[in-house]
């Protein structure tokens, strides 16, 4: 047992938690918070959101009978306390590491993870489905959805509220964890509405008096619901959004006051029908550096838990996101039609640089990827050139918007997909492995992947000049270390690749940043006596047919490398092109197979998938059956 912890090592399940008094539960939460800080300081993760949800997680497991009662956590950034309470205290040391537990809820990991989640806004729909299933089976198990205020900006959250609110007999509790933050500062009309509710002096005074009288008498509380709408409407001078969707609204309550939380949850547990509890929390609660800089401490990396000093990586190349952000500012200064659009990822994609320099041409639309794309299409239809930056795995949610609103109408929207390829520790829900396959199938789209920093910069310039729907995908993290600032822009014609290395034994065709590892592998192969011709395709679509014709006429062995799924990917497209022209070429494609890839460092995962430098080298020096 840890000498400074009285309860932490005694709690291995919610059953153990229920043996504590409320005062002991408060001490346990303090110990739990310290444990999360200590472990995240050496094994980084999503810190601030989980610190803000410690009391909420403890109160939920204290009051509800989990796992029979189901708690659905939205996104998962706030679930570290939940994981530790539910028997994963020691395994928490392995979170996000290869072979360790996930940083997000995973149904396969624990019976207490009622639903997996890495993308925002899904909890209400999923929880309503579970609640409806329980109703159909005649079960009395409760279902709770915990959604952050940032996730509430997503359209799917409102679809779930709308549908669930129409089912008056289905028991569902939605907890709105309101800290006025997503990753960046929350944005939009909903933020202002929640702020109005939470800061209304008259309303809060009335609420406190009402809960003081009714919290111990659920029956009387249920009776008072019949007049709740009228009372709140009179106090706030407008209708309650959630009650207009047939949800009984309760709150706001202090999400760090365990007594109030436990009392409130016990009262709501026995109230039938759809209901919403508005909980006010502080992102980073209990750790001053995180409270004072919530954006940075969302996922701060390694740090000194005593001083709060972050331990930065030494050296390294510029991050691709910063190349994007700085180049976007340059292009915006060159062309007044350029605007930036992002769904709640201003700092994550470095569009905050444009926000700082030219705020009137920078739009954070909240966690709403489909809207981001269609809003960009509207901007383009009215003569602007939007650079819409969305993480690759999140862009999956906007596939129809890209097809219907951008590609069919041939609008000049530049879609920049950050976090392409295997992103590492965030794991299966965040890997950007499908973008090249899904967008390569859409007529009219140009799809490109830069090999290094200068190519990303020039592809953004090319996209601006093209007047066409344009997709540029690039990975998370540092670049190849090539100089890019201050260079004159160069237009890179669509469908034109480049030869990087002469050779005569095997042709190596790469797309995007794996070309850097492939280049090193080709040099090693040459030293081993295998002559490799290396080509950077640069464009997923259209393919460089002149380049492929040269390869087909010259080589019998071809190796392709991509950091995307092989099914429907670039390797398949290259093979199909050779076959359609009758070239007798044996193609070996390296990339991500037809399987889900777990979490680990990018280097570990690339090795597992077989397209790191060593894997490429092994394939290049293999003797083909025809050699």
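Where a number appears in this text, it was derived from the coordinates with a stated rule and is not lab data. Quantities reported herein were computed from a predicted structural model and do not represent experimental measurements. FYI the Cβ positions are ideal-geometry reconstructions off the backbone, even for glycines, and counts take in every protein chain you see.
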* **Per residue Cα convex hull volume in Å³ - calculated over the stretch 1-78** => 96 Å³
* What number, in percent, do you get for the relative contact order of the chain if the mean sequence gap of Cα pairs under 8 Å and at least 6 apart is divided by its residue count? -> 11 percent
* For a quick protection proxy, order the peptides 482-489, 120-127, 442-449 by their average other-Cβ count within 10 Å, most packed first. => 120-127, 442-449, 482-489
* Where the centre of each part is set by its Cα atoms, how far does the stretch 284-358 sit from the stretch 37-93, in angstrom? -> 26 Å
* Go through [x] 30.6; [y] 43.2; [z] 32.3 and flag the label whose value is the computed mean projected area of the Cα convex hull in nm² for this structure. => [x]
* Give, to the nearest whole percent, the P(r) tail of the stretch 498-621 beyond 22 angstrom, counting all Cα pairs. => 29 percent
* Please compute P(r) over all alpha-carbon pairs of the stretch 414-463, binned at 5 Å starting from zero, and give each bin as a whole-number percent. => 4, 18, 25, 23, 19, 9, 2
* Asked: Order of 166-174, 338-346, 546-554 by packing, highest average Cβ count within 10 Å first?
  -> 338-346, 166-174, 546-554
* **Contact order normalised by residue count of the stretch 17-130, Cα under 8 Å, 6+ apart, percent** => 26 percent
* **Protection proxy ranking of 293-304, 277-288 - average other beta-carbon atoms within 10 Å, highest first** => 277-288, 293-304
* Asked: In percent, how large is the relative contact order of the stretch 47-104, given Cα pairs closer than 8 Å and 6 or more residues apart?
  -> 35 percent
* To do: State the Kirkwood hydrodynamic radius of the stretch 429-548 in Å, one decimal place, computed from all pairs of distinct Cα atoms.
  => 15.2 Å
* Asked: Can you pull the three principal axis extents for the Cα set of the stretch 317-410, in Å, largest first?
  -> 35, 28, 22
* **Cα-based Kirkwood hydrodynamic radius, the stretch 320-473, one decimal, Å** => 14.9 Å
